[in-house]
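The values are calculated or read from the model by the stated rules, or taken from the named source; none is laboratory data. Everything quoted here is computed from the prediction, not taken from an experiment. Positions of Cβ are backbone-derived with ideal geometry, glycine not excepted, and every protein chain shown enters the neighbour counts. With ligands, DNA and RNA removed, areas are computed over all heavy atoms of the protein, side chains included. Shrake-Rupley method; radii C 1.70, N 1.55, O 1.52, S 1.80 Å.
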Amino acid sequence: MDRESWARIQRIFHLALERPAEARAAFVEAECAAHPDEAARVFALLAEDAKQDLLIDRELAQVAGAVLDGSVPLLTHVGPYRVLRVLGQGGMGVVYLGEREDLGVRAAIKVLRDAALSPARRERFRAEQRLLAQLVHPRIGRLYDASVLPDGTPYFVMEYVEGRALDVYCREEAPSLAERLRLFREICDAVRFAHGRAVIHRDLKPSNVLVDASGAPMLLDFGIAKHLDSLQGAEAVTRTGLQLMTPAYAAPEQLQGDAVGVFTDVYALGALLYQMLTGRAPFDLDRLTPAQAERRIVETTPSPPSGDAALSTLDRTSAADLDVLCATAMHHDPERRYSSVEALIRDVDHFRAGEALEARPDTVGYRLRKFARRRARELAVAGAVVLGLAGTVSYYTLRLAQARDRAVAEAERTRRIQTFTQNLFAGGDDAVGPSDTLRVLTLLARGVQEARLLADDPAQQAEMYLTLGTIHAQLGRYAEADTLLQAALSWWRERADAESTAEALTVLGDLRTLEGAYDEADTLLAEALRLRQAQGVPDPVRVALTRAALGRALEGRGEYDAAIAHLDDAVATLERLAPSSPDLSDALGALANTHFYAGDLDASDSVNLRALALDRRLHGERHPTVADGLINLAVAEFQRGRYAEGEPLLRDAVGIFESYHGPEHPQTASALRMLGQNLIYQGRLGEAEPLLRRALAVGERALPANHPRLANTLGDLAYIDLQNGRYDEAVASYRRIVDIYRATNGERHYFVAIGLSNLANALMEGGRHAEAAEMFSDVVQRMTETRGADHLDTGIARIKLGHALLGLARVDSAEVELRAGYDLVSAASAPTVSWLRAARRDLVDVYTALGRPDEAERFRAEQAQLDAAAANAANGSGG
C-alpha cells in the first residue's frame with residue numbers, strides 16, 4: 001500500500017466516524033467508488049474502533065448510569081491532583097474536580113479516557129490544549145498543566161470556576177439591563193481576545209459561560225475551537241464539529257456546512273445577547289427533528305427582543321436599538337453582520353452611553369432623539385427658561401436685550417468650536433489623502449494651529465491650550481504639553497481668574513510629576529489647592545482632584561504619610577460624589593502605589609483591586625488603566641518573591657499599552673521594563689535583555705535625561721552586565737543611576753541609598769571589596785535614617801554589607817551584619833527569596849570560620865530543606 005492510498009483510507013475512516021453508524025456503510029462505499037479495494041480496509045478500521053466501547057463515545061445518560069452503579073471505575077488521582085468528583089462530560093472527555101493537597105488549589109481536570117483512542121479524537125484533544133495555552137485572559141478559563149496518566153491517557157488541568165451558567169445566572173439574579181450589558185460586553189471582550197490570537201470558539205452558548213458570585217463571567221470549553229490558520233475549506237472545518245455544536249446558538253453557515261470564521265462567533269454572541277435580554281433562546285427548537293431545527297434557523301428570523309415583556313419599560317428608540325444590535329449580529333448573511341466582535345462592542349458601548357449606533361441608519365431624527373435623551377435635563381432647563389422669558393418679555397425688555405447679546409456671543413463661540421472641531425478632523429488638501437488616514441499627532445498639530453487662530457477670543461484659546469496640553473501630556477509628549485499649559489496658565493493668571501488658574505496649575509503640576517520634577521509639582525499643586533479652597537463655595541470634586549494630584553507628587557518625593565492623607569481624602573470625596581468616574585480610579589491607583597512604596601503590600605493590593613474592578617466596569621478589559629492595575633498587582637507579587645505569578649499580568653499589561661499607546665510611549669517602555677525585571681528574577685536573562693534595551697531606547701527618546709524611569713531600566717541592564725562579567729559597564733550604569741536619584745530626589749532620599757547599594761555591589765563583583773564595604777556601610781546608615789531600622793531595605797543592605805566584610809575576612813563584623821539582615825528580611829519575605837539564600841550561604845562560611853559548626857549546620861540544613869521542598873514541588877507539578 002502506498003502513502004497516498006493510506007492517506008485516503010485514514011481520511012475516509014475519520015469522516016465516517018462522524019456519521020451515524022447506520023449511514024457509514026453507504027458513505028464509505030461512495031467515497032471508495034474509485035478505489036474499491038480500500039473500502040474493506042476502512043470497514044476493518046471501523047469494526048476495530050467499535051470494539052473499544054470508549055466512555056466518551058457513549059450517551060451521557062449511559063455514562064451517568066454506569067458511574068452511579070459503580071461499573072465504571074472513577075479516577076482517584078490525576079497527576080498531583082486528588083479527584084473530588086465528576087463535574088461533567090464534554091464532547092471529548094470527562095471533566096473532574098481535583099485538588100492539589102500540597103497547595104490547597106482546586107482545578108478542573110479534563111481527561112480523554114482509555115489509551116486506545118482514535119487518532120482524530122486524540123488530535124482534537126491536543127488541539128484544545130494548544131489553543132488554551134495561547135489564551136491567557138482573565139475572562140477565559142486558563143490552562144494550568146497537561147500530561148498523561150500512567151496508561152498513556154492524555155489529560156489537561158484548567159482553572160476551576162465556581163459559578164452558574166449564564167442563562168441560570170440571569171434567571172436567578174434578574175440583573176438590570178445595564179448589568180446584563182456590562183456582563184455581555186465582558187464576554188465579547190474575551191471572544192475578541194481569542195480572535196486576536198486567531199482562535200474562533202465555534203460553540204458559544206450559555207452553558208459555556210459561567211458567572212461567579214461577583215458577577216464576573218468566564219468563557220469555557222474550547223473543545224471544538226479552531227485556529228484560523230487551520231480552516232482550509234468547508235469540509236475540513238465543519239464536518240468534525242457539526243455534531244458537537246449546539247444548534248440553538250449555531251450560525252446558519254455552521255449548520256449548512258459552509259466555511260466558518262470570526263463572523264460565526266459574532267452570530268453566537270448575538271444569540272447570547274438575545275437570551276440575556278429575553279430569558280429565552282432566539283429559536284424554539286423543542287420537539288423538532290435536527291432537519292427541522294436547521295430549516296427554522298436558516299430560513300426564519302427570531303422575533304425582535306423588544307417584544308418581550310422584560311423590555312416593555314424601554315422607550316421606543318432604546319428598544320429599537322436593542323433589536324438592531326441583535327438583528328445585525330445574527331444576520332443570516334455573514335457579510336451583513338458586524339464585521340468583528342470589536343464592531344459589536346462599539347455599538348454596545350454606544351447604546352450604554354445613549355449614543356447613535358453604527359448599525360442604525362444615520363438619520364437626523366434618530367440622532368436628535370439620542371441627543372435629547374442624553375441632554376434631557378439641560379433641555380428641560382432651557383425650556384423652562386424660554387417659557388419664563390416669554391411670560392415676562394414685556395416687563396424685562398432690557399434684560400432680554402442683554403440676554404440676547406449674550407446668546408449671540410455664545411452662539412458665535414459655539415460656532416467657533418464647531419468650526420474648530422471640523423477643521424481638526426477634516427482631511428485637508430484632497431491631494432494629500434482622505435481624512436481617515438490622519439494620525440493622532442497630525443490631528444493634534446492641526447489642533448494647535450487652529451487654537452492659535454483664536455487670538456480674538458483669548459478665553460476660548462486658553463481653554464483649547466489647556467485641553468491640547470493635557471492630551472499631549474497623556475501621549476507622553478511632555479515638552480509640547482509644557483508649552484501649551486504654560487500659555488494657558490499665563491493668560492488665566494493675568495485675568496485673576498482663580499478657578500481657571502487653579503485648573504491650569506493642577507494640570508501643569510501633574511505634568512511636573514510625570515517629568516519627575518516633584519518639588520516644582522508640589523509648589524504648583526499646593527497653590528492650586530489654596531486657590532480652590534479659598535473659593536466662596538469650594539467645589540468638593542475639584543478640590544479632591546487637586547488633592548489627588550498633590551498626593552501623587554508627594555508620593556514621588558517619598559513623603560508617603562502626607563501623600564496618603566491627601567489621597568485618602570480625595571478618594572473619600574470622589575466615592576461619595578463621583579463613584580463611577582475615572583477620576584476615582586486615578587485616585588485609587590495613586591493611593592495603591594503610595595501604600596506599596598510605603599511598604600504596606602496588603603493595603604496596596606486591597607486598594608488596587610478596588611481600582612481594577614472600577615476600571616473594568618468603566619473601560620472594559622483592554623484599557624491602559626486596567627494595565628496599570630495589573631502592573632500594580634504584579635509588582636506586589638514581585639516584592640513578595642512570587643515572580644511567576646506576576647509574569648502573565650505583566651505580559652497582558654504590555655499588550656494593552658502597545659495596542660493602545662503604540663510602541664514609543666513612556667508607559668509602554670515602563671511596562672516592558674517591569675516585564676524584563678520579572679524575567680531577570682526568574683533567571684531568564686537572555687529573554688529580559690532585549691526587552692530592557694528597547695525600554696531604555698524608548699525612554700531616552702521620550703523622557704527627560706534625569707527621569708527616574710531611566711534609572712530603573714539602567715539598573716536592570718546593569719544587573720545583566722554583572723551576570724555576564726561586564727563589570728565596567730555595570731559600574732558606569734550604576735553611577736548614572738545615582739546621579740539621576742540625586743538630581744531628582746535630593747541627597748538624603750532612600751533612592752540614593754538604593755543606587756549606592758547597587759553601585760557597591762558592582763564594585764564588589766569586580767573585586768573591589770574595600771570600596772564596596774565602605775559604600776555599603778554608608779548605605780546601611782542612609783537606609784536606617786530614611787526607611788527605618790526595621791525596614792526590609794535596611795535588612796537587605798545589612799546582608800550586602802556582611803557579604804562585603806566577609807570578602808575582606810572581617811568575619812566578626814560580617815557575622816553581626818549578616819545575622820541582623822537575615823532576621824529583618826525573614827520577617828518580611830518568603831524564605832526562598834534570593835537575599836535569604838545568599839545570607840544563609842555566607843552565614844555557613846562565617847560560622848565555619850569562627851569554629852561554630854552547629855550554627856553553620858543550622859543554616860546549611862535550612863537551605864537544603866528548602867531546596868528539597870522546591871524539587872518535590874517541581875516533580876509533582878510535572879505529573
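The figures follow:
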{"item": "Per-residue HN-Hα couplings for the stretch 22-33 [Karplus 6.51, -1.76, 1.60; θ = phi - 60°; Hz; x = Gly/Pro]", "result": "6, 9, 5, 4, 4, 4, 5, 4, 5, 5, 9, 4"}
{"item": "When the stretch 618-771 is reduced to its Cα atoms, the Kirkwood hydrodynamic radius in Å", "result": "16.0 Å"}
{"item": "Karplus 3J(HN,Hα) series, Hz, for the stretch 248-264 with 6.51 cos²θ - 1.76 cosθ + 1.60 (x for Gly, Pro)", "result": "4, 10, 8, 6, x, 5, 5, 5, 8, x, 7, 4, 10, x, 4, 5, 5"}
{"item": "Packing-based order for 584-593, 507-516, 303-312, 21-30, using average beta carbon neighbours within 10 Å, highest first", "result": "584-593, 507-516, 303-312, 21-30"}
{"item": "Where the stretch 743-809 is the region considered: accessible area per residue in Å², 1.4 Å probe", "result": "38 Å²"}
{"item": "FRET efficiency for residue 576 and residue 82, using Cβ-Cβ distance with R0 set to 41 Å, rounded to 0.05", "result": "0.25"}
{"item": "Spatial separation of Cα centroids for the stretch 617-643 and the stretch 666-700, in angstrom", "result": "16 Å"}
{"item": "Added length on full extension, which subtracts the Cα-Cα distance from 0.36 nm per residue, residue 467 to residue 172", "result": "101.6 nm"}
{"item": "Rough spin-label spacing in nm, given labels placed 7 Å along Cα→Cβ, for residue 845 and residue 809", "result": "1.4 nm"}
{"item": "Under the Karplus curve 6.51 cos²θ - 1.76 cosθ + 1.60, θ = phi - 60°, whole-Hz ³J(HN,Hα) for the stretch 151-159, x wherever Gly or Pro sits", "result": "8, x, 5, x, 8, 9, 10, 10, 4"}
{"item": "Contact order normalised by residue count of the stretch 297-363, Cα under 8 Å, 6+ apart, percent", "result": "26 percent"}
{"item": "Heavy-atom accessible area per residue - the stretch 247-313, 1.4 Å, Å²", "result": "44 Å²"}
{"item": "Sites residue 771 and residue 816 - FRET efficiency at Förster radius 30 Å, r taken between beta-carbons, to 0.05", "result": "0.90"}
{"item": "Theoretical gain in end-to-end length, residue 830 to residue 539 [0.36 nm per residue, Cα-Cα removed]", "result": "100.1 nm"}
{"item": "log₁₀ of I(q)/I(0) at q = 0.10, 0.12, 0.22, 0.24 Å⁻¹ - the stretch 251-365, Debye sum with one point per alpha carbon", "result": "-0.30, -0.44, -1.29, -1.45"}
{"item": "Under-5 Å amide H pairs with residue 145, H placed in peptide plane, nonlocal only", "result": "157"}
{"item": "Percent accessible area from carbon and sulfur atoms, the stretch 501-651, protein chains only, probe 1.4 Å", "result": "51 percent"}
{"item": "Ranked packing of 653-666, 826-839, most packed first, by mean Cβ within 10 Å", "result": "653-666, 826-839"}
{"item": "Pairwise label distance in nanometres, residue 871 with residue 27, each label 7 Å out on the Cα-Cβ vector", "result": "5.3 nm"}
{"item": "Distant-in-sequence amide H partners of residue 89 (H built 1.01 Å from N, under 5 Å)", "result": "95"}
{"item": "Calculated FRET efficiency for the pair residue 102/residue 37, C-beta based, R₀ 56 Å, to 0.05", "result": "0.45"}
{"item": "4 °C / 1.567 mPa s Stokes-Einstein diffusion coefficient of the stretch 702-856, Kirkwood radius on C-alpha pairs, µm²/s", "result": "82 µm²/s"}
{"item": "Most to least packed among 565-571, 809-815, 147-153 [average Cβ atoms within 10 Å]", "result": "565-571, 809-815, 147-153"}
{"item": "Virtual spin-label span in nm between residue 333 and residue 724, 7 Å along Cα→Cβ", "result": "5.8 nm"}
{"item": "Charge tally in the Cβ shell below 13 Å around residue 87, where Lys, Arg are +1 and Asp, Glu are -1, residue 87 excluded", "result": "-1"}
